[in-house]
Structures are given as C-alpha cells and as structure tokens.
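Trainee: Mind having a look at this structure? Questions to follow.
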Amino acid sequence: MKSFAYERAASPAEAVAAATRAEGAKFIAGGTNLLDLMKLEIEAPTHLIDVNGLAFDKIEATPDGGLRIGALVRNTDLAADERVRRDYPLLSRALLAGASGQLRNKATTAGNLLQRTRCPYFYDTNQPCNKRQPGSGCSAIGGFTRNHAILGTSDACIATHPSDMAVAMRALDATVETLRADGGTRSIPIAEFYRPPGDTPQIETMLMPGELITAVTLPEPVGGRQIYRKVRDRASYAFALVSVGAIVQSDGSGRVALGGVAHKPWRVEAADTALLRGAKAAAAQLLASATPTHQNAFKLPLIERTLSAVLSEARG
Amino acid sequence: MPDQPTMSDVSMLVNGETRKLRLDVRTTLLDALREHLHLTGTKKGCDHGQCGACTVIVAGRRINSCLTLAVMHEGDSVTTIEGLGTPENLHPMQAAFVKHDGYQCGYCTPGQICSAVAMLDEIKAGTPSHVSADLMAQPQLTAMELRERMSGNICRCAAYPNIIDAISEVAGRKT
Ligand SMILES: Cc1cc2nc3c(=O)[nH]c(=O)nc-3n(C[C@H](O)[C@H](O)[C@H](O)COP(=O)(O)OP(=O)(O)OC[C@H]3O[C@@H](n4cnc5c(N)ncnc54)[C@H](O)[C@@H]3O)c2cc1C
Ligand code: SF4
Ligand code: FES
Ligand code: FES
C-alpha cells in the first residue's frame with residue numbers, strides 16, 4: 001500500500017475542502033472496497049479523508065412521504081430499518097443478498113454505490129485495463145468474459161457494476177444528494193448517476209472530484225410485491241451473475257431493474273410497460289441492445305428465466 | 001511525500017484495556033492487533049474481506065479487521081478471541097466449539113467464534129437475513145438462518161456441520 005496523509009473530517013464543509021485541497025485525495029467510509037484496492041495499489045490516494053465522524057448516519061422521513069438515507073448508514077442498518085423493511089422491501093432484500101454480515105456492518109450507502117467493478121483484469125495489475133490505467137487497453141475484450149457486461153458496453157470497457165443495492169435504488173427511483181467543494185449541493189437521479197464507459201471507463205459517475213455524497217433519498221413508497229432475485233455461483237457471499245429487482249402491482253404492472261449486466265443497474269421504460277405482457281416481452285425490451293460475448297451469452301436466457309420466476313412469485 | 005510513512009497515534013479499548021499505539025497510518029486493525037499488540041488469536045487468511053478469519057467485534061459488531069485501518073478506530077472498543085474467554089474460563093461459544101468439534105486445523109476458529117457471538121446478537125436485535133421468509137417477523141433460529149448468517153466465515157477444513165451444531169447449542173441456551 002502506498003503511503004498517504006490521513007485526516008478525520010469534522011464537518012461536511014471540511015471534508016470537501018480537504019478533498020479539493022489535496023490532489024489525489026479520497027474519502028474513506030467503510031473502507032471495505034477502497035482498502036482492498038489500496039492494498040493492491042489499484043487505488044493509491046495521497047490523502048485519505050475519513051468521513052465516519054460526519055452526522056450522516058440517520059434515516060429520516062422526508063416531507064413528501066419518502067426517506068432520506070444518510071450516506072454513512074451501514075448496509076446492515078439500512079436493511080434492518082423497520083420503514084425500509086415495510087415500505088421498500090426490495091432495498092432490504094437487495095442489501096441482504098450482498099457481501100457478508102461482517103462486510104454489511106461496515107459498508108455504507110455511499111460506499112456501496114461507488115464500489116468499483118470486480119472485473120478480474122481490473123484486479124490483476126499485470127494486465128492492461130483502461131479503467132485502472134487509461135489508454136492501456138482492455139484485457140477482457142477477447143479474454144475471459146463470463147461475468148462481464150452484455151449491455152451498455154464500449155470498445156474500451158465491458159465491466160459491470162457489482163452492487164446489489166444499486167439495483168434496488170434504481171427500481172425505487174432514488175436520488176443521490178451531494179455537497180460540492182464550492183458549498184453547492186445537488187440532487188442526481190440514480191438513472192443519471194452512472195456514466196456509460198465510452199472511451200473514459202475510469203470516470204464512473206457524475207460526481208465531480210471532491211464531491212461528497214451526503215444522502216440518498218427515496219420517493220414515497222409505491223407498494224406492490226417487491227422481489228430481488230440474485231443468481232450466483234454459490235448460495236451466499238458471492239457477487240451476482242445476474243440479478244432481477246422487480247416491483248409488481250396487483251394489476252400486473254410494475255418496474256424491473258437488472259444487476260450484473262452493465263456498468264449500471266439496467267432499467268428500460270419499455271420493459272416496465274411490457275411487464276403486463278409477461279417475462280418474455282419484458283426481457284426482450286430489457287435486452288434489446290445486448291451485445292453478449294460467446295462466454296456470457298448465457299446471461300440472456302438466464303435473465304428471462306429469472307424474471308419469469310420473479311413474476312410468478314409476485315403473482316403467487 | 002507518498003513514500004514517507006505517515007505516523008499517527010491511536011488509542012483503543014482492546015479486550016477491556018486501553019491500548020495506545022503509534023502506527024504507520026497504513027496499518028490495518030488486524031495488523032495492529034497481531035503485530036503490535038501481539039494478540040495473535042485473530043488470524044489473517046486472505047487479507048481482502050473474503051474469508052472471515054480476521055473477524056473481531058468492534059463496538060458490539062462483527063467486522064473484518066483486515067479491511068479497516070487501526071487509525072479509524074480511535075476510542076473504539078475491540079473484542080478479540082482473547083477477550084471472549086480464556087483456556088481456564090471459556091466463553092460458552094468456545095466451549096460449544098470444543099464440545100462439538102467445530103474445527104479441524106483451527107485456523108478459521110477465532111473468526112468463526114467472534115462472528116457467531118455477534119451474529120446471535122444480530123438475530124436477537126431482529127436483523128433480517130437473505131433467507132428470512134418474512135422481513136417483518138423476528139428471525140428464526142433455524143440451521144438455514146445460521147448458515148446464511150455465517151457465510152462470511154469460510155472454513156477450509158469444512159467443519160461447517162459441527163460449527164452449526166455448536167452455534168445452535170449456544171443459541172438454544174440463549175433464547
Ligand atoms: C468479499 C466481498 C464480497 C462482496 N460481495 C458483495 C456483493 O455480493 N454485493 C455487493 O453489492 N457488494 C459486495 N461487496 C462490496 C461491498 O458492498 C462494498 O465494498 C461496500 O458497499 C463499500 O462501502 P464502503 O462504505 O466500505 O466504501 P469505501 O471502501 O469506504 O469507499 C468506496 C468508494 O466510495 C467513496 N466514498 C465513500 N463514501 C463517500 C461519500 N460519502 N461521498 C463520496 N465518495 C464516497 C470512496 O472514496 C471510495 O472510492 C463485497 C465486498 C467484499 C470485500
Ligand atoms: S472490462 Fe473494463 S475493467 Fe475489465 S479489463 Fe476491460 S477496461 Fe478494465
Ligand atoms: S483476513 Fe480478513 S476476511 Fe480474510
Ligand atoms: S478448521 Fe481449518 S479452516 Fe476451519
């Protein structure tokens with residue numbers, strides 16, 4: 001691990017100021033992704049700003065009937081919150097399907113959204129990777145791609161975003177709230193939060209350097225049956241091959257978002273509309289622009305079948 | 001600057017005792033415990049959050065000590081396997097692991113035991129799991145629940161059935 005200067009931020013203003021002052025600064029929350037990558041020197045911040053002392057650890061009701069989830073709320077606490085379990089069960093389910101009990105006790109809402117890909121070539125510092133080292137090439141293209149993206153890829157990168165929580169956030173239409181170094185705040189709808197890889201796969205979100213996530217808000221509950229189905233190589237403590245998060249109303253209408261298929265949770269308006277016509281129709285819309293490789297083409301039928309299972313569970 | 005180590009003071013309550021250390025900020029909680037405090041009960045398996053051997057209890061919660069920096073734990077209370085019990089005075093979970101043969105080589109065991117102790121508190125507090133059928137109900141103490149909740153602790157010797165027996169016995173006694 002490369003050395004760095006360490007400081008604890010006492011206020012959000014201090015955190016963003018510190019992050020802008022030092023080039024190569026990074027915030028650290030749970031540390032479960034950042035430290036993993038720092039040990040491998042895939043991340044090498046010169047300055048680590050510990051945000052754990054900030055008062056972003058609460059879940060509060062919003063005036064319009066939704067919830068405001070502090071950036072530092074731990075994944076365990078978010079999944080266990082009574083309002084979340086009752087009104088946004090999709091979010092509890094997605095969180096509980098991720099990582100392990102120990103990791104969820106540390107992992108935060110903001111850190112989870114910003115966790116980086118699990119592309120094995122991104123992790124292998126002996127291999128070219130445009131995301132890790134811009135311009136070096138993509139080892140996945142033409143390599144082992146079993147768990148790579150089938151949607152939204154570019155010629156520079158075909159990595160997936162590995163978060164389960166983000167899939168639920170996407171289906172629930174969450175908004176990311178931030179604070180910028182100039183003191184300005186903004187709200188970024190989750191639909192616009194992740195950037196397509198294009199030819200800059202190292203830039204993954206709309207956040208500006210030094211911009212701090214303060215909270216994630218959820219609009220008022222939409223009800224319905226909420227189901228998160230994750231398919232993985234072992235029953236627990238493994239990332240998704242694919243996952244389906246769905247909210248299905250009693251009339252059969254609803255929403256669906258996919259995990260494990262793109263650089264972001266994948267949701268398509270036409271697929272939501274097609275849900276009324278069943279899994280085949282909705283999957284066709286979700287996967288319309290798919291560009292699978294020989295090795296990950298299995299994800300297409302797997303998604304249709306998983307969605308089909310989710311819809312029959314929702315009806316049952 | 002980057003290759004000059006940055007040193008920092010940190011004070012933690014480890015197994016009930018205040019311990020003050022001056023550490024390179026890069027030191028993980030795991031390395032602080034093992035290399036600096038010589039509490040070698042906590043084990044390093046993968047050093048990347050993938051095995052659970054390094055599980056300790058911080059402020060009442062189980063975490064992977066390999067994926068957190070010691071300096072991030074100023075003032076925190078940390079319980080390791082050495083703090084749970086001693087050979088003369090075993091914690092009930094330690095005694096149950098001995099009774100049920102919940103190990104072979106024993107390398108994963110301190111992590112398993114710390115994890116299991118804090119995991120039962122999570123169930124008591126009503127924390128749901130991936131296999132809980134009803135998110136709104138008090139979680140059940142079934143083997144399926146215990147297995148899912150212990151999935152962050154890998155045992156290379158595959159002592160899993162005996163580990164579940166040991167935890168079940170303690171859980172039965174507790175509730
Ligand atoms: C073995 C293992 C298995 C896992 N399995 C899964 C899984 O199945 N599903 C899943 O979804 N996840 C999984 N994870 C990933 C885990 O969910 C993430 O590591 C965790 O959510 C990251 O949160 P954190 O708070 O620890 O982030 P950190 O490591 O602290 O930070 C991550 C990034 O977010 C930035 N950041 C943190 N907070 C803020 C903020 N407030 N504002 C701006 N930037 C911020 C940091 O600078 C850093 O770049 C797994 C991890 C491990 C190690
Ligand atoms: S897919 Fe993306 S992350 Fe993986 S090697 Fe290619 S550029 Fe790197
Ligand atoms: S050593 Fe920490 S999880 Fe393996
Ligand atoms: S007893 Fe050997 S690894 Fe578990």
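The values are calculated or read from the model by the stated rules, or taken from the named source; none is laboratory data. What you see is a predicted model, and the numbers here were worked out from it, not measured in a lab. Every residue, glycine among them, receives a Cβ derived from its backbone with ideal geometry; neighbour counts consider all protein chains shown. Surface areas here come from the heavy atoms of the whole protein model, side chains and all, with no ligands, DNA or RNA. Shrake-Rupley method; radii C 1.70, N 1.55, O 1.52, S 1.80 Å.
Trainee: When residues of the range A:42-87 are filtered for being among the hydroxyl-bearing types (Ser, Thr, Tyr) and within 11 Å of another protein chain (Cβ to nearest Cβ), how many remain? Before you say what the answer is, go through the steps one by one.
Mentor: From the range A:42-87, those among the hydroxyl-bearing types (Ser, Thr, Tyr) are A:46, A:62, A:76; that's our starting set.
In the following step, the residues that additionally are within 11 Å of another protein chain (Cβ to nearest Cβ) were identified as A:46, A:76.
Total meeting the criteria: 2.
Trainee: Quick one: which strands (runs of 3 or more DSSP E) lie wholly within the range A:38-122 and hold at least 3 residues that are surrounded by fewer than 21 Cβ atoms within 10 Å (Cβ to Cβ) and more than 15 Å from the chain's Cα centre (by Cα)? Full working, then the answer.
Mentor: Details: elements: A:47-50, A:59-61, A:67-70.
Passing ranges, in order: A:59-61.
For every residue, the table says whether it meets (1) within 11 Å of chain A (Cβ to nearest Cβ); (2) free of Cβ contacts under 8 Å to residues at least 24 places away in the same chain.
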| site | (1), (2) |
| --- | --- |
| B:14 | no, no |
| B:29 | yes, no |
| B:46 | yes, yes |
| B:67 | yes, no |
| B:77 | no, no |
| B:95 | no, yes |
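Trainee: While we're on this one: Among the residues of the range B:112-143, write down those that are within 16 Å of ligand 1 (Cβ to nearest atom) and either in contact with a Lys or Arg (Cβ under 6 Å, 6 or more places away or on another chain) or farther than 19 Å from residue A:236 by Cβ (or both). Working first, answer last.
Mentor: Here is the first cut: in the range B:112-143, the residues within 16 Å of ligand 1 (Cβ to nearest atom) are B:115, B:129-131.
Correct list: B:115, B:129.
Trainee: What's the total number of residues in the range A:261-285 that are in contact with a helix residue (DSSP H, G or I) (Cβ under 8 Å, 6 or more places away or on another chain) and in contact (Cβ under 8 Å) with a residue 40 or more places away in the chain?
Mentor: Summing the residues that are in contact with a helix residue (DSSP H, G or I) (Cβ under 8 Å, 6 or more places away or on another chain) and in contact (Cβ under 8 Å) with a residue 40 or more places away in the chain in the range A:261-285 gives 5.
Trainee: So which residues in the range A:256-272 are assigned to a strand (DSSP E or B) and surrounded by fewer than 24 Cβ atoms within 10 Å (Cβ to Cβ)? Write out each step before concluding.
Mentor: From the range A:256-272, those assigned to a strand (DSSP E or B) are A:256-259, A:266; that's our starting set.
Passing the criteria: none in range.
Trainee: Could you count how many residues in the range A:226-244 are in contact with a strand residue (DSSP E or B) (Cβ under 7 Å, 6 or more places away or on another chain) and open to solvent by less than 30 Å² (accessible area, probe 1.4 Å)? Walk me through how you get there before you give the answer.
Mentor: So the first thing to find is which residues in the range A:226-244 are in contact with a strand residue (DSSP E or B) (Cβ under 7 Å, 6 or more places away or on another chain), and the list is A:226-231, A:240-244.
Now restrict to residues that are open to solvent by less than 30 Å² (accessible area, probe 1.4 Å): A:226-228, A:230, A:240-244.
Number of matching residues: 9.
Trainee: Please pick out the residue among A:215, A:168, A:159 that is at negative phi, in a loop (DSSP other than H, G, I, E, B) and surrounded by 22 or more Cβ atoms within 10 Å (Cβ to Cβ). First the steps, then the outcome.
Mentor: Values: A:215 fails: in a loop (DSSP other than H, G, I, E, B); A:168 fails: in a loop (DSSP other than H, G, I, E, B).
Of A:215, A:168, A:159, the one residue that is at negative phi, in a loop (DSSP other than H, G, I, E, B) and surrounded by 22 or more Cβ atoms within 10 Å (Cβ to Cβ) is A:159.
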